[in-house]
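Q: Mind having a look at this structure? Questions to follow.
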């Protein structure tokens, strides 16, 4: 289980100077108060075994630069604005914590939900996020749906109802 106090073991033993050097080497810049330390591996997050298998299935050997810092922040329940290039792993930086949150919730009754919602500014980005989320949620039995303009309202309604 991931929690505020138990997830970031790899960086915990590092001094503040080592953390600063690590961030500098990765070109990570952060601002704010009580920012969680970055981590070096996915194992450091304490994810569920099923989620770790899904991550491994995507050939993700270690977190990307943005994931090293953004995942500990999001998992701690702190808001984050992450800026990184296309293909850098930003989507997983919010999808993986969302899965952890969903799995910590009691199972929903029929026709209740959703537990998590992601808003995107374009249908192309919404579809991209949908495809990425499906890769990680399948093993957990979590349904992912995309709702956006230009598609059949009836089909989307059926998908949401399911």
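The values are calculated or read from the model by the stated rules, or taken from the named source; none is laboratory data. Keep in mind that this is a model prediction, so the values were computed, not measured. Here the Cβ positions follow ideal geometry from the backbone for every residue, glycine too, while neighbour counts run over all protein chains shown.
Q: What helices (runs of 4 or more DSSP H) completely inside segment 48-119 contain at least 3 residues that are within 24 Å of residue 29 (Cβ to Cβ)?
A: 65-75, 90-103
Q: Moving to a separate point now. When segment 137-150 is examined, which residues are found to be assigned to a loop (DSSP other than H, G, I, E, B) and within 28 Å of residue 57 (Cβ to Cβ)?
A: Matches in segment 137-150: 141, 142, 143, 144, 145, 146, 147, 148.
Q: Here is a follow-up. Anything in segment 113-151 that is farther than 19 Å from residue 53 by Cβ, out of contact with any helix residue (DSSP H, G or I) (no Cβ under 9 Å at 6 or more places or on another chain) and at pLDDT below 90? List them, or say none.
A: none
Q: Only one of these conditions is not met by residue 75: (1) crowded, with 16+ Cβ neighbours inside 10 Å; (2) in contact with a helix residue (DSSP H, G or I) (Cβ under 6 Å, 6 or more places away or on another chain); (3) at pLDDT below 85. Which number is it?
A: Evaluating residue 75 over (1) crowded, with 16+ Cβ neighbours inside 10 Å; (2) in contact with a helix residue (DSSP H, G or I) (Cβ under 6 Å, 6 or more places away or on another chain); (3) at pLDDT below 85 leaves (3) as the failure.
Q: Might you let me know whether segment 61-75 holds any residue that is over 17 Å from residue 132 (Cα atoms), in contact (Cβ under 8 Å) with a residue 60 or more places away in the chain and under 14 Å from the mean Cα position of the chain (by Cα)?
A: yes
Q: Which condition does residue 4 not pass, out of (1) closer than 19 Å to residue 105 by Cα; (2) surrounded by fewer than 15 Cβ atoms within 10 Å (Cβ to Cβ); (3) at pLDDT 80 or above, if it passes all the others?
A: Condition not satisfied by residue 4: (3).
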